[in-house]
Amino acid sequence: MTSQENYGELIDLRGRAAYRPDVASLARSQLAAARAEAKLTEEEFAELLSPMLGWPVTAEAVHAWETVTVPPGDALVAAGLVRHSTPTTPATQPSVDLVGQLISDRFSDVTAVYASRSEFMSSMPPHRLFDGAKSIDAVGLSLNLICQQYSLPSLCSLLESGTTIRCLFLDPEGEGIKRREEEERYPPGHLSALNALNIQTLQQRVLGQISPEAQARLQIALYDETIRFNVITVDARLCVVQPYLPETRGVDSPTILVQRRWPTAGLFPIFGQVFTSLWERSVRL
C-alpha cells in the first residue's frame, strides 16, 4: 500500500487557503468544559472567576460565553486555571488565588530558589529576613549571614526586644571542618579561623553589650559532623536552606527559601528537624 493510499482519507489544509477553524466555538467549548470539570453551577463559576478577573462576572455572562458570545481572553485564562487546579468551591474559598495554588501545589512549600547565596541576599537582605523576628535557629558552618552580614547593633536590639537566637556552628577544632576545608580546597585552618572569629564575635561583642536577660536568649553550640546543609529558620515559618555541594564553596551553592504551609507536611518540617536533631547532639558553649 502506497503512502498516498494510507492517507487517502486525510485532507491537507495547506491546499485549502480558505479554511478557517471555528475558534469562537472552540473558546466556548473550553470554558464550558472547565466549568463542567470543576462541577460548578453557572452562578458558582461566576463567583469564582470574579476575584480572579478583578471585575464582577454574572451567571448570565457565563451562560452567554458558553453558548452564543466569544469569551474574553482573560476569562479563558482564568477558566484554564480553574480546570487545572485542585477542586475548590466558592463557598469554601471565595477569593482563592488559583495561580498561587497551582504554583504551590507543584513546588510544595518552596517559595524561591536562588543560584547562589549572593543572589539570595540581593533579593532577601539580612535586615529583611531578621528584623522583627521572635525566634531564629541557625545551623551551618560559620553562620556568616548572622555574624557578618547582619549588623551587630541590630542583633543586640533583637535580643533586648525578646528574640531568642540559637546558633549552631561546625566545631572549629573538629574533624568535620577539616574535611570541609579539604573538599573546598582551602588551606588547613582557613575555615576554622573564620568559625572561631564568628563565635568570638557573638561571645564578646554581642553578649558583652546586652543585659543579662538578653544574654540568656542567645545560645551558642558546636557540632562535629559531616556538614550537609546550612539551615536558618525564622519564627518557625520561614526557612533558608543551602546545601553544601562537593568542591563548591558554601557561598556559591544554591539557596532555597521555604515558607511553612502545613503543620507536618512539606519541606519545612524536614529541614526544621535537621536543626533539632543536630542541636540535641551538640555541645553548648
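The values are calculated or read from the model by the stated rules, or taken from the named source; none is laboratory data. As the structure is a prediction and not an experimental result, all values here were calculated from the model. Glycine gets a Cβ as well: all are built from the backbone with ideal geometry, and neighbour counts include every protein chain shown. Note: accessible area is taken over every heavy atom of the protein model, side chains too, but ligands, DNA and RNA are not part of it. Shrake-Rupley method; radii C 1.70, N 1.55, O 1.52, S 1.80 Å.
Taking every protein chain into account, the 1.4 Å probe leaves Lys134 with about 130 Å² of accessible area, to the nearest ten.
Taking label positions 7 Å along the Cα-Cβ direction at both Ser108 and Gln200, the computed distance is 4.0 nm, reported to one decimal. Computed with a 1.4 Å probe over protein heavy atoms only, the accessible surface of the range 216-285 comes to 50 Å² per residue. With all protein chains in place and ligands, DNA and RNA left out, the 1.4 Å accessible area ranks Arg281, Arg166 as Arg281, Arg166, largest first. Put the Cα centre of the range 127-177 next to the Cα centre of the range 249-285 and the gap is 14 Å. 3J(HN,Hα) couplings calculated from phi for the range 66-78 with the Karplus curve 6.51 cos²θ - 1.76 cosθ + 1.60 (θ = phi - 60°) are, in sequence order, 8, 10, 10, 9, 8, x, x, x, 5, 5, 5, 4, 4 Hz; Gly and Pro show x. Available extension along the chain between Thr276 and Thr264 is 2.9 nm, counting 0.36 nm per residue and deducting the alpha carbon span. For a modelled paramagnetic label at Glu247, 7 Å from Cα along Cα-to-Cβ, the residues of the range 172-195 in reach, with backbone nitrogen under 11 Å, are 184-185. Rounded to the nearest whole Hz, the Karplus-based 3J(HN,Hα) values (6.51 cos²θ - 1.76 cosθ + 1.60, θ = phi - 60°) of the range 123-130 follow the sequence 8, 10, x, x, 5, 6, 6, 9, with x at glycine and proline.
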